[in-house]
Every structure is written in C-alpha cells, then in structure tokens.
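Notes follow once the structure below has been shown.
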Ligand SMILES: *Cc1c(COP(=O)(O)O)cnc(C)c1O
C-alpha cells in the first residue's frame, strides 16, 4: 500500500485546496482507534468532528447499513420509507419537538431552520425576518449559514452576504435584549459553542433567553449540530440547561458516521407547509437506517449515563495536565466536548506532537485544542489518549 506521503501528494495535485489537512491518511478505524497508511495506530479524540458517536464501525450501525443497502437505498421523498419513519418517531418521542424534516448536513439544517423563521415572521410577526446570533458561533458554510456565523472573517471573503443577521456576545442576555427590534423573529444559538472553542454558558443563560423570547414572540432556535445526540450527556443539549427551544437543528452525531441532518420544531413553530421545502436525498433509507440503529443502541445501552461518567474521568485527567504544565491555562469541558487552552498560540506544535505520540486532536483555536471522542469511549482508552497527550505536551 502507498505511504501517507504518497497519498498526500495525490491530494495536493487534484483537490481544491480549501482544507488544511493534518498529514495523517486514515485507512481504517475501530471504536476509538484509527490506523494510518503507514500502519501507525492512534487514539481518536476527534471522532469525525463529533460525528462518530459510537466510535468507528460500530457493529449495530455497520449491520443496519449493510442490510438496508441490500434492501432499498434511495426512493425520493415522494414516497414513504421505513427507516425514516423509525428515526422520526425516535427523535420526536425523545425530545420536546413535534415535527421533523430530514436533510443531509448541518448547514442544510440551518438553512431549513432559517426558512422556518422567515415563514414564521411572515405568518405571525408582520414580516419580521431578523435573526440574532452569537459572536464566535459556527453554523456552517452555505451562504446563509456563513452569514449567521458570528465570525467576521468568514463574511469578508464572500460579501455581499445575505442580510438580516445581528451578532451579540454569547452568554449575554442583555445583549440580546438590546439587539432586539420589531424586525427580530428568531435567536439562533449553540447550547455550547463548539467551533468557537468549547464555550459553556452560565446555568441560567438559556432560561433567561427563553423568557425574553416568550415575551417578544421570538423563536428560540438551538443549533444542536454538535451538542445534540448525547454529546453533553443528555440526548439533547437543551436538557442540560432546562429549556425547550422552538426549533432544533441536528446533524453530525445523528448519523453515527453517515451524512444526515434534521431540523425539528414544535407544532406552533413549524411554519413550513406543503411545497415550502424539500430534498432529494434528505432522510434517504440508507442514512436513516444508520441513524435509527445508532440512536436505538445509544438509548437502550445508557450511553448517556456513560457520557456523564466519562465526563468526570476526562475532566479529572485534563485538570491533571493543567496542574502539570504551566502553559495549559484553562480546561473547558461539558459532557465529552472539551477544549484545552494554552497561554500562547502553540496549537500547531501541540497538534504535531500529539500525532507523533499517537493521539488525534482538533486544533480549534490558535491557542486551544478540542477533544470530542466517541461517546462509548472507555476509561482505559481515555487514559491511553491522555497519556499520549501528556507525552506530546512534554515535547512542545
Ligand atoms: C459542524 C456544525 C455545523 C455545520 O454542519 P455541516 O454538516 O458541516 O454543514 C453547523 N452548526 C454547528 C453548531 C456545527 O458544529
């Protein structure tokens, strides 16, 4: 088999160079471990960007995909299919939501939620269309998702960007109040900011935001693309903050590795009706079979309880690293979503050293790395990964 370097040369020759990849060509994965083209083994603390919630190639998902592939792969949404009904029922019966629409990615689900907001404004709020989002948020790469993302450098490249978005500090209810106008129809926020560097709000932030939205007929849209499907230790992140959103956006972990997204809404908020939205592949039998099998396993095997236990372990081990290394100045962790922040911009060096030591991380900020392992990672695997991270930090 060709080496990492030979494969990387092929990428350099053919790809649009939009993603600065790490020099690791992953050829195989099992649980919380992956192997590269040179045969090197790694503990995977990235899990496909918080996607592989049951690890790599979980048998229940592999089996469901194989069985579905041999039964029915794609039909179009002009017909009903069984796996889509199954995952729809599971999501609605286990959430505060009443209706779901399936699509193929997080950005697409964000677009759907924004369409709900637009329709809601026309139907119930004199055409209001303004959406308040948070600075340092991340909502995806399509034009509206870019516009919703509160990071100016994503906008400048593509101006003019769609209008109608206002940005406020995360975790600041007063800022939302001040930014609210007659034209405000929705507030769209991540329960914990993921790409922003794992920023965790105060316990009462979402309850206060909920109250403000209720008083002003504003939809509370939670972008749970990263926090949903167990990442924070509850099936959905909103449960951790004792609020119920009007609209919820899912993707990433929903498919246990396959590409799927969804937006869900309460009955009163689901302003889309016949003809307002659609998708060729959305909720296709293959992806929904994977989502249904993985979600059933997650619920039946108390993986959420396991996340709560592993959160304690992960926090403890990361605190240990903070005590040991003076340049580690903050640990931010909720559920199995964590960031290790440094006192200077040494993320690239940490990434290199971590890969050399055999652990994969995500370089989320110039001064921070993110850890978001499979939700079924064991204590022993956490210890092994942290041991390798310890080695890496000793070498930077
Ligand atoms: C990753 C992410 C998205 C975008 O999802 P894609 O599937 O990459 O389009 C949107 N919102 C949040 C919170 C995310 O973490």
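The values are calculated or read from the model by the stated rules, or taken from the named source; none is laboratory data. No experiment lies behind these values; they were computed from the predicted model shown. So basically every Cβ, Gly included, is an ideal-geometry build from the backbone, and we count neighbours across all protein chains shown.
Filter region 206-222 down to the residues that are in a helix (DSSP H, G or I), over 10 Å from residue 191 (Cα atoms) and in contact (Cβ under 8 Å) with a residue 12 or more places away in the chain, then identify the one that is nearest to the ligand (Cβ to nearest atom).
Checking each candidate, the answer is 209.
Test each condition in (1) surrounded by fewer than 20 Cβ atoms within 10 Å (Cβ to Cβ); (2) part of a strand (DSSP E or B); (3) touching a helix residue (DSSP H, G or I) at 6+ places or on another chain (Cβ under 7 Å) for residue 329 and report the one that comes out false.
Result: residue 329 passes all but (3).
Of the residues in region 124-154, how many are surrounded by fewer than 19 Cβ atoms within 10 Å (Cβ to Cβ) and within 16 Å of the ligand (Cβ to nearest atom)?
7
Is it the case that residue 231 is without any contact (Cβ under 8 Å) to a residue 60 or more places away in the chain and either surrounded by fewer than 24 Cβ atoms within 10 Å (Cβ to Cβ) or under 18 Å from residue 105 (Cα atoms) (or both)? Even if it seems obvious, please write down each step before you answer.
Details: without any contact (Cβ under 8 Å) to a residue 60 or more places away in the chain: no; either surrounded by fewer than 24 Cβ atoms within 10 Å (Cβ to Cβ) or under 18 Å from residue 105 (Cα atoms) (or both): yes.
No: the conditions fail for residue 231.
Taking region 312-327 on its own, how many of its residues are within 25 Å of the chain's Cα centre (by Cα) and touching a residue at least 40 places away in the same chain (Cβ under 8 Å)?
Let us first name the residues in region 312-327 that are within 25 Å of the chain's Cα centre (by Cα), namely 312-319.
Filter once more, so that each one left must be touching a residue at least 40 places away in the same chain (Cβ under 8 Å): 313-314, 317-318.
Here the count works out to 4.
Consider residue 89 carefully, then state whether it is surrounded by fewer than 21 Cβ atoms within 10 Å (Cβ to Cβ) and either in contact with a helix residue (DSSP H, G or I) (Cβ under 8 Å, 6 or more places away or on another chain) or without any contact (Cβ under 8 Å) to a residue 12 or more places away in the chain (or both). Before the answer, list the steps.
Numbers: surrounded by fewer than 21 Cβ atoms within 10 Å (Cβ to Cβ): yes; either in contact with a helix residue (DSSP H, G or I) (Cβ under 8 Å, 6 or more places away or on another chain) or without any contact (Cβ under 8 Å) to a residue 12 or more places away in the chain (or both): yes.
When the stated conditions are applied, residue 89 passes them.
Does residue 225 satisfy the condition of being at pLDDT 95 or above, within 13 Å of the ligand (Cβ to nearest atom) and either in a loop (DSSP other than H, G, I, E, B) or closer than 28 Å to residue 300 by Cβ (or both)? Full working, then the answer.
Working: at pLDDT 95 or above: yes; within 13 Å of the ligand (Cβ to nearest atom): yes; either in a loop (DSSP other than H, G, I, E, B) or closer than 28 Å to residue 300 by Cβ (or both): yes.
Yes: the conditions hold for residue 225.
Given the options 116, 189, name the one that is without any contact (Cβ under 8 Å) to a residue 60 or more places away in the chain and not assigned by TED's automatic domain parsing to the domain that holds residue 333.
Numbers: 116 fails: without any contact (Cβ under 8 Å) to a residue 60 or more places away in the chain.
Going through 116, 189 in turn, just one is without any contact (Cβ under 8 Å) to a residue 60 or more places away in the chain and not assigned by TED's automatic domain parsing to the domain that holds residue 333: 189.
Is region 255-264 home to any residue that is part of a helix (DSSP H, G or I) and touching a residue at least 24 places away in the same chain (Cβ under 8 Å)? It would help to see each step written out before you state the result.
Residues of region 255-264 that are part of a helix (DSSP H, G or I), as a first pass: 255.
Filter once more, keeping what is touching a residue at least 24 places away in the same chain (Cβ under 8 Å): 255.
Checking region 255-264: at least one residue is part of a helix (DSSP H, G or I) and touching a residue at least 24 places away in the same chain (Cβ under 8 Å).
Tell me, which helices (runs of 4 or more DSSP H) lie completely within region 47-118 with 1 or more residues that are at positive phi? Steps first, answer last, please.
Values: elements: 47-50, 59-69, 82-93.
In region 47-118, 47-50 are the helices (runs of 4 or more DSSP H) which contain 1 or more residues that are at positive phi.
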